[in-house]
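Structure first, commentary second.
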Amino acid sequence: MERVLLSHGGGGTMMEKLIEEVFINAFDNEYIRAMEDAALLFGNLTFTTDSFTVKPLFFPGGDIGKLAVCGTVNDASMRGAKPLFLTAAFIIEEGFPVEDLKKIVKSMAEAAKEAGVKIVAGDTKVVEKGSVDGIFINTSGIGVLYEGANVSIKNAKPGDIVLISGTIGDHGMAVMSAREELQFDTPIFSDVAPLNGLIERLMTLGEAIKVLRDPTRGGVAEVLYEISKMSGVGIKIYEEKLPVKESVKSACEFMGLDFLHLANEGKVVVVVERDYAEKALEIMKSHEYGKDAEIIGEVNDSKLVTINTIYGTSRIVDRPIGELLPRIC
């Protein structure tokens, strides 16, 4: 690996190799080696950070501002924590329209209000024209664990049940359609949304909620592989149970894409104890952002990620290697 490629940012095996060989080796400590969406510090305090470079900046269902707030709110939530405070840093290209900046900041304020978090600090840098593509945003977040929470990507055990909070691939396909100016019979909108309200309800089940992971870059397939690797388990999913909008499925078939690899920005994959699976599903369906939730699979001891197809066969799920859709978040 001599140079960084777009595929190193895609959420697949190449990104994993870059993180392990460069960043973890250099920053080695118990927090970063945990490979969680948020670091757990000082007992019940969580901290997370994320950067956003989506192209185009405005897409059906959202924009880079809404994405920046929701992305960090969701990463904090994936540790079983209540997000409280965010920071926001902007790198802006000289000549960027102030009206567009106002729209983006307005979206951030609205998303923060919906999530019940406060943006309490920030930074602004302006660089020469051509040094950055319009605007990039970084957000960081602090949260506190819900009482009784014990959520970790290492917690999955054989016999646990896997759920997802809604339809797969909406964000990735919405951004791609906007970028490439594709027209579909049924418009596709991003699912970008703050999930902390949904997670707060789920956490009433306490330690029965084992793993929470939002399937962003690399999609559902990458999340399943991360859980499999970090927990030392296998996962079997059922094709007939996977919730996918017909418009997304048709677009994927047309372009030769796998919706399991597409990014989502308003969905959560949940691993829960078997005895609590139906209750977890009921809780998710009671929330606006979980109304299309489904039980999609179960954890086993095979160390493989497999899918039972609608044809009655079983196959290994392909893991993303590199960047399927660059700059999706």
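The values are calculated or read from the model by the stated rules, or taken from the named source; none is laboratory data. Here the structure is a predicted model, which means the values were calculated and not measured. Cβ: placed from backbone, ideal geometry, glycine included. Neighbour counts: every protein chain shown. Surface accessibility is based on the protein's heavy atoms, side chains included, excluding ligands, DNA and RNA. Shrake-Rupley method; radii C 1.70, N 1.55, O 1.52, S 1.80 Å.
Observations on the structure shown:
- The set of residues in region 64-100 that are in a helix (DSSP H, G or I) and open to solvent by 10 Å² or more (accessible area, probe 1.4 Å) comprises 66, 75, 98, 99, 100.
- Every condition in (1) assigned to a loop (DSSP other than H, G, I, E, B); (2) surrounded by 14 or more Cβ atoms within 10 Å (Cβ to Cβ); (3) of a type in the set (Ser, Thr, Tyr) holds for residue 139 except the one numbered (1).
- Selection count, region 155-190, where residues are crowded, with 17+ Cβ neighbours inside 10 Å, part of a helix (DSSP H, G or I) and not small (Gly, Ala, Ser): 5
- Residue in region 167-182 that is over 24 Å from residue 8 (Cβ atoms) and in contact with a Lys or Arg (Cβ under 6 Å, 6 or more places away or on another chain) present: yes
- Some residue of region 108-123 being part of a loop (DSSP other than H, G, I, E, B), over 20 Å from residue 41 (Cβ atoms) and not assigned by the TED database to the domain that holds residue 197: yes
- Residue match in region 45-68 (condition: basic (Lys, Arg) and free of Cβ contacts under 8 Å to residues at least 24 places away in the same chain): no
- Positions within region 285-311 being open to solvent by less than 10 Å² (accessible area, probe 1.4 Å) and in contact with a strand residue (DSSP E or B) (Cβ under 7 Å, 6 or more places away or on another chain), in sequence order: 293, 296, 297, 299, 305, 307
- Condition met for residue 150 (open to solvent by 40 Å² or more (accessible area, probe 1.4 Å) and part of a strand (DSSP E or B)): no
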